[in-house]
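Colleague: Before we start, here is the structure in question, set down as structure tokens.
The values are calculated or read from the model by the stated rules, or taken from the named source; none is laboratory data. None of these values were measured; they are calculated from a predicted model. Please note: Cβ atoms are built from the backbone with ideal geometry, for glycine as well, and neighbour counts cover all protein chains shown.
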Amino acid sequence: MTPQQMAVQARDLSLRYAEKESLRSVSFAVPQGAVVGIVGRNGAGKTTLLQCLLGLAQPSSGVAFILAEPARALSDATKSRLGYVAQTPDLFEWLTVRQQLELYEALYPTWSSAYADSLVKRFELKVKARTRNLSVGERQRLAIVLALAYRPDLLILDEPVASLDPMSRRDFLCTLFEDDEDHLVPRTVLLSSHLLEDLERVVTHVLFMRDGEVQLYASVEEIEANVRVFQAGERVEQAIGILHQGRTPDGQWHVVIDMRTDAGAQLARLNAAKALGISELFMALNR
């Protein structure tokens, strides 16, 4: 795909706060229509990365592009094509749910009142309730409605379901891929979450992060075909193709390899390496 066909691009993004480097040379590209799961332990840099992509934080070096525009200077037209749900929703506390919806309707020409009302009903929100009186889960559901109802082309979600119960999480994931009348909502999704079982059901790509760096970024098909793990009695000599080595409680070494390299393919043949699902791979990359 050409750069213009990419919904999101990051090129050598780095960000340093005082003595801490929160991001270190992060590069990846998201094709239009992809659903990307961003995973990593607390402090891995997931939220910081999303903020840099949105222009909410300025990287120390590197560049990011959103819908072919520099993240530092997004036009109003491009901003209107973005939907964003923060880990802690930024809502107007004194407004009712209905007033929040009406405010967004006035701001976004593509707003669908019928779709918003259907989401409010689906998420069991009370339109007369004031935002300050909503529970944490209700606030998160409201933020999701506000992000979806103007039908953005790109949706960026930072732990959007962390406070939702299992039924609400299921309903939310369904809304990402259902038609609103004749409009598919949305086309591209970046979704940061600790709930790996939820991600496994919907993502097309996964970005694994650790300590501000990208450990692995690939499509689910590429991961299934090429990423393997094996156990060794001692640490393996580092080589191209080894993504991570970590020690287990029983003293064994878990070695995660990428068979797209010659060294990785050879290690896989010699050590009877096995394939992993996303949840198992996350554990292996964080030992």
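Colleague: For the range 1-36, how many residues meet the condition of being farther than 21 Å from residue 68 by Cα and touching a helix residue (DSSP H, G or I) at 6+ places or on another chain (Cβ under 8 Å)?
Modeller: Going through the range 1-36 one residue at a time, the tally reaches 3.
Colleague: Hand me the list of strands (runs of 3 or more DSSP E) wholly inside the range 1-60 holding 1 or more residues that are in the same structural domain as residue 202 (by TED's automatic domain parsing) and among the charged types (D, E, K, R).
Modeller: Where strands (runs of 3 or more DSSP E) fall fully within the range 1-60 and carry at least 1 residues being in the same structural domain as residue 202 (by TED's automatic domain parsing) and among the charged types (D, E, K, R), they are 6-17, 20-31.
Colleague: Say we look at the range 104-129 and pick out the residues that are in contact with a Leu (Cβ under 7 Å, 6 or more places away or on another chain) and part of a helix (DSSP H, G or I); which of these is surrounded by the most Cβ atoms within 10 Å (Cβ to Cβ)?
Modeller: Step by step, filter the range 104-129, then rank; the result is 119.
Colleague: Now a separate question. Take the residues of the range 231-246 that are aliphatic (A, V, I, L, M) and assigned to a strand (DSSP E or B): which is nearest to residue 263 (Cα to Cα)?
Modeller: 242
Colleague: Can you list residue pairs whose Cβ atoms sit under 7 Å apart, with the first residue in the range 143-166 being farther than 22 Å from residue 49 by Cα and the second being of a type in the set (S, T, N, Q) and part of a helix (DSSP H, G or I)? Count only pairs 6 or more apart in sequence or on different chains.
Modeller: Going by the 7 Å Cβ cut-off, the qualifying pairs are 146/100; 164/140.
Colleague: Considering every residue within the range 68-75, establish whether at least one is touching a strand residue (DSSP E or B) at 6+ places or on another chain (Cβ under 8 Å) and within 22 Å of residue 176 (Cα to Cα).
Modeller: no
Colleague: Give the residues of the range 152-179 that are in a strand (DSSP E or B) and either modelled with pLDDT of 75 or more or buried (at least 18 other Cβ atoms within 10 Å of the Cβ) (or both), sorted by residue number.
Modeller: Across the range 152-179, the qualifying residues are 154, 155, 156, 157, 158.
Colleague: Here's another thing I want to ask about it. Identify the single condition in (1) in contact (Cβ under 8 Å) with a residue 24 or more places away in the chain; (2) closer than 22 Å to residue 26 by Cα that residue 81 does not satisfy, given that it satisfies every other one.
Modeller: So residue 81 meets the others, but not (2).
Colleague: Filter the range 193-225 down to residues that are among the polar types (S, T, N, Q), outside the structural domain of residue 170 (by TED's automatic domain parsing) and buried (at least 19 other Cβ atoms within 10 Å of the Cβ), then give me how many there are.
Modeller: Residues that pass the stated criteria total 1.
Colleague: Next question. Do we find that residue 232 is aliphatic (A, V, I, L, M) and touching a Lys or Arg at 6+ places or on another chain (Cβ under 6 Å) in this structure?
Modeller: So residue 232 does not fit the description; no.
Colleague: Could you check, for the range 77-98, whether at least one of its residues is under 24 Å from residue 135 (Cα atoms) and part of a helix (DSSP H, G or I)?
Modeller: yes
Colleague: Is it the case that some residue within the range 85-103 is farther than 21 Å from residue 193 by Cα and under 17 Å from the mean Cα position of the chain (by Cα)?
Modeller: Checked the range 85-103: no residue is farther than 21 Å from residue 193 by Cα and under 17 Å from the mean Cα position of the chain (by Cα).
Colleague: With the condition kept exactly as written, say whether any residue in the range 153-162 is over 18 Å from the mean Cα position of the chain (by Cα) and not hydrophobic (A, V, I, L, M, F, W, C).
Modeller: No, every residue in the range 153-162 fails to be over 18 Å from the mean Cα position of the chain (by Cα) and not hydrophobic (A, V, I, L, M, F, W, C).
Colleague: Just for the range 78-109: of the residues that are modelled with pLDDT of 90 or more and β-branched (Val, Ile, Thr), which one is farthest from residue 153 (Cα to Cα)?
Modeller: My answer is 96.
Colleague: Another question about this same structure. Going by the structure shown, is residue 260 under 25 Å from residue 5 (Cα atoms), surrounded by fewer than 18 Cβ atoms within 10 Å (Cβ to Cβ) and modelled with pLDDT of 90 or more?
Modeller: Yes, satisfied.
Colleague: Still on this model: Hey, among the residues in the range 66-76 that are in a strand (DSSP E or B) and more than 16 Å from the chain's Cα centre (by Cα), which one's surrounded by the most Cβ atoms within 10 Å (Cβ to Cβ)?
Modeller: So the residue we want is 69.
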